[in-house]
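The values are calculated or read from the model by the stated rules, or taken from the named source; none is laboratory data. All values derive from a computational prediction rather than experimental measurement. Cβ placement follows ideal geometry from the backbone for every residue including glycine, while neighbour counts extend to all protein chains displayed. We work out accessible area using only protein heavy atoms, side chains counted, and drop any ligands, DNA or RNA first. Shrake-Rupley method; radii C 1.70, N 1.55, O 1.52, S 1.80 Å.
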Amino acid sequence: MKRRVFLRGVAGAALAAPFLSSLHEKKAKGAASTTPVRNVFFYTHNGCLTDKWFPKTTNGALTASDLMAGTLAPLAPYVSKLMVPRGFRSMNQYGSGQTIDPHDQACGSKLTCAPIDSANKRYATAVSLDHVIAEAINPAGKDPLVLSVGAASTSIKEIISFSAPGTAFPATVNPTTVYNQLTGLFGSAPATGGTTTVTPADYHVARGKSAIDLVSGDLNRFKALKMSGADQKRIADWLDLLRQTETGMGGMGTMVSPSSCTSATAMAPPLNITQAAVTAGSPTGAIATGAFVGTNNTGTGAANLATSFTLGGDMMMNLIALSMICDTNRSIIMLYPGYVTFNWDGIMHTHDHHGLSHRTGDFSVGGSCGVANVLDMIQQIDSWYAGKFAKLVGLLDSIGEGDGTLLDHTATTWLPELSDGATHNTNNLPIMIAGSANGYLKTGQVINVDTGTPDAGKSTSTCQDGSSGSIGYTGSMGGNTPINKLYVTLMNAVGMRNADGSKITTFGVMDGMNANPGISNPGEVTSLTTGK
Amino acid sequence: MPNWKAGVLVAATFAAGCTGAIGSSSDTPAGSKGNGAGQGSGGSQPSGSGNGSGKASGSGGSGVSGSASGGSGSTPSGTGGAGTGVGPGSPPSGDCTPGIAPTSQVPRLTNAQFDRTIRDLLGVSALSASGNVLPSTLLATDQDGSMTSLAWSSHQTVADMIATQVIGDATLKKKFISCTPSTTGAGATCFHDTIVAFGRKAFRRPLTSDEVTAFTAVVTNGAQITATGSNDEISQALLYMFLISPSFIMRAEITGNADGSGHYPLSSYEVASRLSYTLWGSTPDDTLSAAADKNQLTTPAQILAQAQRMIQDPKAHDMVASFHQYYLLMGTNTRWDQANKDPSLFPAFSQAIVPDMENETLTFFDKVAFGGGTFQDLLLSPKAYVNASLAPLYGLKAADYGTDLKEVTLDSAQRPGFLTRLAFLNAYSAYNRTSPILRGAFITKQVLAVPIGSPPPGADTTPLPSTADLDTNRKQVDQQTSASACATCHHNFINPPGFVMEAYNTAGAWQTKEATTGAPIDTVVDAMIDGQLVHLNNPAELMAKIAASPGAQQQYANKWVSYAYQREGDPNDCGTVSNLTAKISAGGYTIANLITDLTQTDSFRMRAEVTP
C-alpha cells in the first residue's frame, strides 16, 4: 500500500518523497512491476591478491566452502545469492588504450568505457553507466547516489561517475548530508530558543511554498536571458528540482512513496539510523589529507579518517538501504578511496593501500619488494573490504520487500579498479554480483564467460617475505571479455530497454578507442541470465 | 599559521605516480602544439613527429637527435629571451590568436568559496548545529554539472542552520540586521532597509525592485510562514531565503550590453565579484563594493588600483598557496602528502614531519610572493623555514629550533629555491633510495614544461641493474634507461636534471657520497634545456638555468593564467601568457605584479559572445 509521505524538509519546506513522474521520458518501459530493481556498485581500489580472492571453482555451482578458503569467506552465508562472473576485462588498461596513468584510466574508463582526456583533468570523455541507468529508471530521472568515505575529492583517482562527457560527478562523503536529505529531520529550532519542532505544521508548508516562489522567480529571470545551451540547462534543471518539490506539495495524487519510508523504519534495526548514529559516523572537522597517522598537527584528521571508514561507511550502507526503502534512488555507488593508510579495525599499517599494492610501499612501480610482510598487509585490506561487501549484502538481505528481500531486487556488484595492484591489469577482474535483480540474473554460481580456464593469477607469487626479491609479474592471463557486455546485462536486468522494447545491446567502446568499438559480439551475456 | 589546505583548490591533474618512475604524464599526441619549449624543428617531441611551437622545418621524427644536429639552425628567434618580448616559449605570431574564452555565465560557488563567503558575510565558520564543522562539510561535493537534488537539499539544510545560528547570536545577528523592526516609528523601515542592504551584499549587486518586492513578501507573510511571527523568526526566514537564492549561490555574469566587437563588458559589480573571487576566493569587501556602486571598475587602471589593494590583504595568502599547490601538483593523495622513507636508513625522517615539510614549502612560496619576490626567486632564494623536526635534514641543529617554522638563510650553493627544499625532495623519490627519474621528470615536465609524454607500457618494470661497477644510483639509473626505446627521453631530458639532484638523498639531506658504497656523487651533466644542450655542474647551476629558462617562465605564466581564469591552457589566453612571460623574462617582475596584471586583460573585464 502506498501513501503520501510528508518528509519535513528544512525549515518546513516540505519535500514529498519522490514519485514516478511524467516530467521525464524514461526508457524503462519494461519495468512494469511495482517492485523497483536497483543497480548498486561497490568499488574498491588497487586490486587484490587475486589468487586468494577468486573462489576455487572456476565455473559451476558456488559453494560456501569455495568461499571459506579465501578472502571471500565473509560472503559464505549469502552464497545462494551470489554470482561470480569470470573472464571480464575493463576498458583502457594502461598500454592497451592510452598510456596516461593506469589508475586514472582504470577509474575514468571503468563505468564509461571511454577514453580519458589528459587536457581536462583526465576526466572521462563519456557519461557513466550509473547516470545512464539513473536517467532511465530513477524516479524523476534524477541523478544517481554516489557515496564514499574519507576526504571529498574531485581527483580522477577517486571518481568513477560522470554526469556528462568531461563532467565529473564526485562522491558525497558525509553521511549527515545524505541523512539530511532523506529524512529532513534537522528542522529549524525557533530562533528564540525552545525545542525543535518535529511535527509538520502549516507554517512549514507555507514557508516552503514561499521559498519555492522566491527561488523560481530568481531562476526564471535567468531563464529569460540569452545564454549558452549548457547554462540554459543548468537553469532548467534547477527549476525542475523546484517543480518536483512543488508538485509534491500540491497534492495532485501522483505523489506516492512506499509506506515503509518512515522515520520509525529508519531508526529501528537493522538500519538504526538515528541522529546520534549519523553524527557518530560524520566528520567533526578536517579529514586527514595524507595517508598517514597523526596528520594536520593534531590527531583529529587521522581520527576522522578512521571514523569515516568505519562508522561512516557503515552508515552510508544504512542510508543506501533507506534510499531503496524510500525509493529515492535506484542507481547507487559506494566507493572507498585508494590512497589511505589503514589504521582501524585492528589493522595498523604504516604504508598506504596504494603503496602496499605496489609491493614497494610507495608510488614507485616495479623493482624490488620493499615492505616486510607486504602480502599479509594487502590480505588484511582485501579481507576488510570483503567484510564490508558482506555487510552491505547482509544488510540488504535482512530487509524484506515483497516476496523477497531488498537484495533480491538489486544487482549489487563488487567492481574493482584493477585485478592486481602491482601489475595494474584489468583483465580477469575479480567481480562478484549479489542479488538476482528480481530473478533476471543467475545466483549461486561461478560463470566463466570467456574462453579458456580462468587464471587465479600470480599476486602472491613474489614478495612472500616482502622485503627482498624482484616484484616481477603478479598479474593473470586471459579473461578478456569486454566488461561492456556485463554492463549491458545489468542495464537489461534493471529493466532498461530500447525505445522499441528490445534489449540493450551496446555500451561504450572497448580498447580500440576511435571508431572501432572493439566489441565484435555485442549484447548481454546470456550465460549470466536466467532467461526470465 | 593559516590552514593552507583550506585553500581554493582547483582539481589538479596530479602526479601519475604510478607509471614507472615518471612523476607525471600528459598524453601529448604527435603533432599537437607544444606548450612552449619552442624547440624549433620538433625538438621538444623526442618521441615523435610533433611540431614544437617553434618553426618546424621538418617532421622532427627522429626526435632529439634531429634537433641536436639541426638545433643551432632551427632555433626560432628570440632564444635570447630576456628583453626581446618574444621568448622561444611563445609561439610565432601567426599561431596565436588571442581572444576571450567563452565562460559559463552562472558558475556556482565552490564549497571553499561558499565557506569563505559565509565567513565574510556573516561571521560563521563553524556550524553549531552540526558538530562545529565548516558549513560546506554538509554540502555535496563540487561539480560542474547542474544542481542535483542532493546538493539542492543540502543547500537548504545548511542555509537554515546558518540563519538560525546567526539570528540566535547577538553579535552575528548584527551582520544581517542591525535595527529593530517595529510596526511604527523608527523601526518601520527596518526590514525593508535590511532587505536592501543585505541583499546588496548577498547578491553582490543591488536588488532590482522586483526582487525587493519578492523579499518584502516574506516579511509581509511573516505570520503565516513562521511559528509565532516574531521579528527574530521573520529575520531567520529572510536570511534563509537569501542564502538559498540562486543569485547568491551563482556568481552570475549577465550584463547584456555588447560592445560591438562581440564581447560583453562586465558591469562594475561583476568585475568586483571576479576580483574578489580571484584574489580572495570570497565575496567583495565594502571598499570594493563602494567602487562598484560608483561604477569605477570599468577601466584597467581602476581595476588595478583595487587589485593592488587586495593583494595586500591577508585573504590573498590562501589563494597564492592554492595556486602553488596547483602548479606543483601538491594536495590530497599526491606524492607530496605521501612521502615515506625506510626508518632504519633515514632516522631523521618520519611521516609525522611531512606536514611540516609541506608547510615549509608553502611558507617559502608565501614569503617570496608577499615579500616582493619574483619567479626567479622561487628557484634561487636560499631562505628556508625550519623547525626542530626539519633541522637535521638541512644539516642544522634541532636544539636551535622550536616547533614553529623559523626563517633561516641556507647556503645558496646547496639550497637555492623550492626544488631543494625537503618537501619536493622527499615527495619525488622512493622509500629507500633516490629516484633521479622522478625528480628529473618532474623538473622536465612540470617546471620546464617539456612535453615528453608517457613511458611505453612495460617501461616501469625495467629492472634496476645492480652490478658492482654501478657504484652510484646515477650509474644504475643510467644503465637502466640505456635501451634505445628509453635513451632518447631519459638521457637527454629526464635523467640529467635528476642526476644533478642526486646531491640530495631520498630524505632531502645534502650528500656527497653514495650511502651504500661510499662512491662520490657526480652531479655533472649535459642537460637539454630550452632546446640546447647545457653543461651543468651542480644544483646551483641547474636552478640558475631554470630561473632563466623561457620555457619555465612561460610555464609559470601559463599556470597562473589557467588557475586565475579557471581554464586549463585555453588558446584564447595565448596573448596573456605571452605578455606575462615576456615580463618575467625581463627580470624584476614581482609575483604580486603578475597576479594583479591578471586583472588587466580584456578577458578579465569582459565575457565572450554566447553561442547558444
Cβ-Cβ below 9 Å, separation at least six or inter-chain, first residue in the range A:103-132 and within 11 Å of chain B (Cβ to nearest Cβ) and of a type in the set (Val, Ile, Thr), second surrounded by 24 or more Cβ atoms within 10 Å (Cβ to Cβ) and part of a loop (DSSP other than H, G, I, E, B): which pairs?
A:116/A:92; A:116/A:98; A:116/A:100; A:116/A:101; A:116/A:122; A:127/A:112
Condition broken by residue A:140, with the remaining ones in (1) more than 9 Å from chain B (Cβ to nearest Cβ); (2) under 15 Å from residue B:150 (Cα atoms); (3) over 16 Å from the mean Cα position of the chain (by Cα) satisfied:
(1)
Could you check residue B:413 against (1) away from every other protein chain (no Cβ under 13 Å); (2) assigned to a helix (DSSP H, G or I) and say which number it fails?
(2)
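Determine which member of the set A:437, A:456 is under 18 Å from residue A:69 (Cα atoms), of a type outside the set (S, T, N, Q) and at pLDDT 95 or above.
Values: A:437 fails: under 18 Å from residue A:69 (Cα atoms).
A:456 is the lone residue from the list that is under 18 Å from residue A:69 (Cα atoms), of a type outside the set (S, T, N, Q) and at pLDDT 95 or above.
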State whether the residues of the range B:368-376 include one that is in a helix (DSSP H, G or I), closer than 27 Å to residue B:547 by Cβ, touching a Gly at 6+ places or on another chain (Cβ under 6 Å) and open to solvent by less than 40 Å² (accessible area, probe 1.4 Å).
no
Does residue A:429 meet the test of being out of contact with any helix residue (DSSP H, G or I) (no Cβ under 6 Å at 6 or more places or on another chain), closer than 30 Å to residue B:480 by Cβ, modelled with pLDDT of 95 or more and among the aliphatic types (A, V, I, L, M)?
no
Count, please, the residues in the range B:309-336 that happen to be within 25 Å of residue B:552 (Cα to Cα) and either among the basic types (Lys, Arg) or part of a helix (DSSP H, G or I) (or both).
13
Has the range B:232-250 got any residue that is at the interface with another protein chain (Cβ under 10 Å from one of its Cβ atoms), of a type outside the set (Ser, Thr, Tyr), part of a loop (DSSP other than H, G, I, E, B) and open to solvent by 20 Å² or more (accessible area, probe 1.4 Å)?
no
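Regarding residue B:433, is this residue assigned to a loop (DSSP other than H, G, I, E, B), within 14 Å of chain A (Cβ to nearest Cβ) and not aliphatic (A, V, I, L, M)?
Numbers: assigned to a loop (DSSP other than H, G, I, E, B): yes; within 14 Å of chain A (Cβ to nearest Cβ): yes; not aliphatic (A, V, I, L, M): yes.
Yes: the conditions hold for residue B:433.
When you check residue A:475 against the structure, is it out of contact with any Pro (no Cβ under 7 Å at 6 or more places or on another chain) and either open to solvent by less than 10 Å² (accessible area, probe 1.4 Å) or touching a residue at least 24 places away in the same chain (Cβ under 8 Å) (or both), yes or no?
On the way: out of contact with any Pro (no Cβ under 7 Å at 6 or more places or on another chain): yes; either open to solvent by less than 10 Å² (accessible area, probe 1.4 Å) or touching a residue at least 24 places away in the same chain (Cβ under 8 Å) (or both): yes.
So residue A:475 fits the description; yes.
Between A:392, A:429, which is among the aliphatic types (A, V, I, L, M), assigned to a loop (DSSP other than H, G, I, E, B), out of contact with any Cys (no Cβ under 7 Å at 6 or more places or on another chain) and open to solvent by less than 10 Å² (accessible area, probe 1.4 Å)? Before the answer, list the steps.
Values: A:392 fails: assigned to a loop (DSSP other than H, G, I, E, B).
Criteria check complete, one pass: A:429.
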Can you tell me how many residues within the range A:459-498 are assigned to a loop (DSSP other than H, G, I, E, B) and under 23 Å from residue B:431 (Cβ atoms)?
16
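Got at least one residue in the range B:481-494 being assigned to a loop (DSSP other than H, G, I, E, B), small (Gly, Ala, Ser), open to solvent by 60 Å² or more (accessible area, probe 1.4 Å) and modelled with pLDDT under 95?
Looking through the range B:481-494, none of the residues is assigned to a loop (DSSP other than H, G, I, E, B), small (Gly, Ala, Ser), open to solvent by 60 Å² or more (accessible area, probe 1.4 Å) and modelled with pLDDT under 95.
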Checking residue A:85 against (1) farther than 17 Å from residue A:110 by Cα; (2) open to solvent by less than 10 Å² (accessible area, probe 1.4 Å), which single condition isn't satisfied?
(1)
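Using the structure shown, decide if residue A:350 is in contact (Cβ under 8 Å) with a residue 24 or more places away in the chain, facing another protein chain (nearest Cβ under 8 Å), surrounded by fewer than 24 Cβ atoms within 10 Å (Cβ to Cβ) and within 15 Å of residue B:339 (Cα to Cα). Spell out the reasoning first.
Numbers: in contact (Cβ under 8 Å) with a residue 24 or more places away in the chain: yes; facing another protein chain (nearest Cβ under 8 Å): yes; surrounded by fewer than 24 Cβ atoms within 10 Å (Cβ to Cβ): yes; within 15 Å of residue B:339 (Cα to Cα): yes.
Yes: the conditions hold for residue A:350.
Take the residues of the range B:337-355 that are closer than 30 Å to residue B:374 by Cα and within 9 Å of chain A (Cβ to nearest Cβ): which is surrounded by the fewest Cβ atoms within 10 Å (Cβ to Cβ)? Before the answer, list the steps.
Step one: list which residues in the range B:337-355 are closer than 30 Å to residue B:374 by Cα, which gives B:337-339, B:353-355.
Restricting the remaining residues to those that are within 9 Å of chain A (Cβ to nearest Cβ) gives B:337-339, B:354-355.
Working: B:337: 25, B:338: 25, B:339: 31, B:354: 25, B:355: 22.
Step by step, filter the range B:337-355, then rank; the result is B:355.
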Selection from the range A:77-102 of residues part of a loop (DSSP other than H, G, I, E, B) and within 11 Å of another protein chain (Cβ to nearest Cβ) yields A:93, A:94, A:95, A:96, A:97, A:98, A:99, A:100, A:101
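Within the range A:353-369, restricting attention to residues that are in a loop (DSSP other than H, G, I, E, B) and among the polar types (S, T, N, Q), which residue is nearest to the other protein chains (Cβ to nearest Cβ)? Quick ask: steps written out before the conclusion?
If we filter the range A:353-369 for residues that are in a loop (DSSP other than H, G, I, E, B), which is where we start, we get A:358-367, A:369.
Now restrict to residues that are among the polar types (S, T, N, Q): A:360, A:364.
Values: A:360: 6, A:364: 5 Å.
Checked the range A:353-369; the qualifying residue nearest to the other protein chains (Cβ to nearest Cβ) is A:364.
Using the structure shown, decide if residue B:123 is in contact with a helix residue (DSSP H, G or I) (Cβ under 6 Å, 6 or more places away or on another chain) and at positive phi.
On the way: in contact with a helix residue (DSSP H, G or I) (Cβ under 6 Å, 6 or more places away or on another chain): yes; at positive phi: yes.
So residue B:123 fits the description; yes.
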Screening A:435, A:402, A:421 for residues that are crowded, with 24+ Cβ neighbours inside 10 Å and either over 20 Å from the mean Cα position of the chain (by Cα) or within 27 Å of residue A:342 (Cβ to Cβ) (or both) leaves only A:421
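Here is a yes/no grid of residues against (1) buried (at least 18 other Cβ atoms within 10 Å of the Cβ); (2) modelled with pLDDT under 90; (3) among the small types (Gly, Ala, Ser):
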site: A:152; (1), (2), (3): yes, yes, yes
site: A:161; (1), (2), (3): yes, no, yes
site: A:171; (1), (2), (3): yes, no, yes
site: A:184; (1), (2), (3): yes, yes, yes
site: A:198; (1), (2), (3): no, yes, no
site: A:207; (1), (2), (3): yes, no, no
site: A:224; (1), (2), (3): no, no, yes
site: A:227; (1), (2), (3): yes, no, no
site: A:235; (1), (2), (3): yes, no, no
Considering only residues that are in contact with a Lys or Arg (Cβ under 9 Å, 6 or more places away or on another chain) and hydrophobic (A, V, I, L, M, F, W, C), which ones fall in the range B:255-291?
B:266, B:271, B:272, B:279, B:280, B:288
